[in-house]
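Colleague: Here it is: the structure, laid out below.
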Amino acid sequence: MANIKSAKKRILVNRTKADRNKALRSGVKTAMKKVFAAIESGDKTVAQKELTAATKTIEMAASKGIYHKNNAARKVSRISKAVNKMA
């Protein structure tokens, strides 16, 4: 454990940021699972609605620096392509 006051603060701040990042990453995964679940059920309107929500969640995470912009773009592209493939 750190003895210096600034080091103790850094530990607390890093833990707080890690928790926030973990929560947002988890939210992205959940949103993507909802899109794929809607695709599996075959309901295109629900899938499109979930796609817009997931896209927003992914872009917000990317803007916070949790995901690299290319990683976020790849995720959005994959789920968009999957929804567009639906008959």
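The values are calculated or read from the model by the stated rules, or taken from the named source; none is laboratory data. Everything numeric here is computed off the predicted structure, so don't read it as measured data. Note that each Cβ is placed from the backbone with ideal geometry, even for glycine, and that neighbours are counted across all protein chains shown. What goes into the accessible areas is simple: the full protein's heavy atoms, side chains included, and nothing from ligands, DNA or RNA. Shrake-Rupley method; radii C 1.70, N 1.55, O 1.52, S 1.80 Å.
Colleague: Please compute the per residue accessible area over the chain with all protein chains in place, 1.4 Å probe, rounded to a whole number of Å². Provide the component values of the computation, followed by the final result.
Modeller: Details: 6350 Å² over 87 residues.
Averaged over the residues of the chain, the accessible area is 73 Å².
Colleague: As a test of the formula, what do you get for the chain when each DSSP H run with n ≥ 4 contributes -39,500 (n - 2.57) and the sum is divided by the residue count, at 222 nm and rounded to the nearest 500 deg cm²/dmol?
Modeller: On the way: 3 runs with 73 residues, N = 87.
That comes out to -29500 deg cm²/dmol.
Colleague: To continue, here is another question. Which far-off residues, 5 or more places away or on another chain, put their amide H under 5 Å from the one on Tyr67, with H placed in the peptide plane?
Modeller: Result for Tyr67 returns Ala62.
Colleague: Considering only protein heavy atoms and a 1.4 Å probe, what is the carbon-and-sulfur percentage of the accessible area of the chain? Don't skip to the answer; put the middle values down first.
Modeller: Working: 3470 of 6350 Å².
Answer for the chain: carbon and sulfur cover 55 percent of the accessible area.
Colleague: Given the pairs Lys8/Lys56; Lys44/Lys69; Lys9/Lys33; Lys8/Lys33; Lys5/Lys56; Lys5/Lys64, which are separated by over 31 angstrom at their Cα positions? Don't skip to the answer; put the middle values down first.
Modeller: On the way: Lys8/Lys56 35 Å; Lys44/Lys69 27 Å; Lys9/Lys33 36 Å; Lys8/Lys33 38 Å; Lys5/Lys56 39 Å; Lys5/Lys64 27 Å.
Violating the 31 Å Cα-Cα cut-off are Lys8/Lys56; Lys9/Lys33; Lys8/Lys33; Lys5/Lys56.
Colleague: Using a Förster radius of 35 Å, what is the FRET efficiency between Ser41 and Thr16 based on their Cβ-Cβ separation? Nearest 0.05, please.
Modeller: Numbers: r = 38 Å, r/R0 = 1.08.
My answer for the efficiency is 0.40.
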